[in-house]
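The values are calculated or read from the model by the stated rules, or taken from the named source; none is laboratory data. Remember, predicted model here, so these are calculated numbers, not experimental data. Here the Cβ positions follow ideal geometry from the backbone for every residue, glycine too, while neighbour counts run over all protein chains shown.
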Amino acid sequence: MLCLKCGQREQFADNLCEECFRASVQPISLPPVIHGNVCRTCFRLQKGRSWLEIEASIEDAAVHLAKLNIGISGDAQNPRVELSVDLQDSSVFRISGKASSVFKGVIVEQTLSTEVRFHLQSCPFCSRQRGNYFEAVIQLRGLDTLTERQIDELLQRIRDEVYSTSLKDPRTFISNEVKVRGGHDLYMGENSHARQLAQKLHDEYGGEFKWSSSLYGNKDGRDIYRHTYLVRLPGFVVGDYLVKESNAYLVTKVFKRVQLKELSTRRDITVDLQDAMSMRIFKAEHVEVELVVIMQTDKEVQLLHPTTMRPVDLLKPEPVTFGEKARCVYIEDELYLV
Ligand SMILES: [Zn+2]
Ligand SMILES: [Zn+2]
């Protein structure tokens, strides 16, 4: 039997030859026009009642929406589709591409095209963030003894942490930051992440941790609470110096208890946070100095004193050879080699 269409070749399937059959089938299809909702800020697509992941660009969102609308015949095997944006006119995208599949034993290659028409929206995550929505406040306190640089580093670490969590959970964001006396308030979009973050800060920097919550309102018959996490830093961080009586220490670790290195003996000791907080605090940049080496032996070094400018002899705590300068700590008229 010859093909009913071309009448030239033997029938292959559906009364058609293989070539005509291949040309007549469309195992992969796209509707000519696709309407969709996209967030104008983060390019999330709305799918039913939920919003999908953040897209890198609105073009990516258009391609993604087209792919979601691809129809594949049940007989098609190994379907492959490649789509890209040809043309954009404000929120309308022309999309085309190629598709291939194995259909009833024949490889069928097709060209596809469609038009995506977006309706620009503000997704719930973006409108919450813009509306300064927050479920919790992290109150960072005890910052007055930190340097500007230490505060900047601490805040930047928190922002980085929130950003990387937000990639997995879009409810996580900082909706506002307010500098207050002796501290910083961070308004957090989502409570359980805020609690974890506050706990982590406390574990890492030590100090005081307090939690409270208050009834804020009622939504859909559910009580809404706002939570406050107070993280009060102990006033010093690793790298600072503490002095008690006439002993000076370098802070080497803060985690529940505080690890110190005594400068004169190089001994490590561990003290309670409360004890450490009762000591006098010195910032590294205020007490660390580089002094000119005048001469040295195996056991001693003679340095130029930073204030009297006279030679001063110090015992080397361990056998080292200094270059032209030696790093020291100068605290309360005492010099220590470090
Ligand atoms: Zn034919
Ligand atoms: Zn959005």
For this session: Name the strands (runs of 3 or more DSSP E) wholly inside segment 1-114 in which the number of residues that are free of Cβ contacts under 8 Å to residues at least 40 places away in the same chain is 1 or more.
Result: 76-89, 92-103
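Results for (1) surrounded by 14 or more Cβ atoms within 10 Å (Cβ to Cβ); (2) touching a residue at least 24 places away in the same chain (Cβ under 8 Å); (3) under 28 Å from Arg327 (Cα atoms), shown as yes or no for each residue.
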{"site": "Lys219", "(1), (2), (3)": "no, no, no"}
{"site": "Leu230", "(1), (2), (3)": "yes, yes, no"}
{"site": "Gly239", "(1), (2), (3)": "no, yes, yes"}
{"site": "Lys244", "(1), (2), (3)": "yes, yes, yes"}
Problem set entry | Glu55 touching a helix residue (DSSP H, G or I) at 6+ places or on another chain (Cβ under 8 Å), acidic (Asp, Glu) and closer than 22 Å to Thr114 by Cα | yes
Exercise. Would you say Val254 is in a strand (DSSP E or B) and modelled with pLDDT under 90?
Worked result: yes
Seminar exercise, completed: Given (1) touching a Phe, Trp or Tyr at 6+ places or on another chain (Cβ under 7 Å); (2) within 16 Å of ligand 1 (Cβ to nearest atom); (3) at pLDDT 90 or above; (4) not hydroxyl-bearing (Ser, Thr, Tyr), Asp14 misses just (3)
For this session: Inspect segment 323-337 for any residue being within 19 Å of Leu146 (Cα to Cα) and at pLDDT below 90 and give the result as yes or no.
Result: no
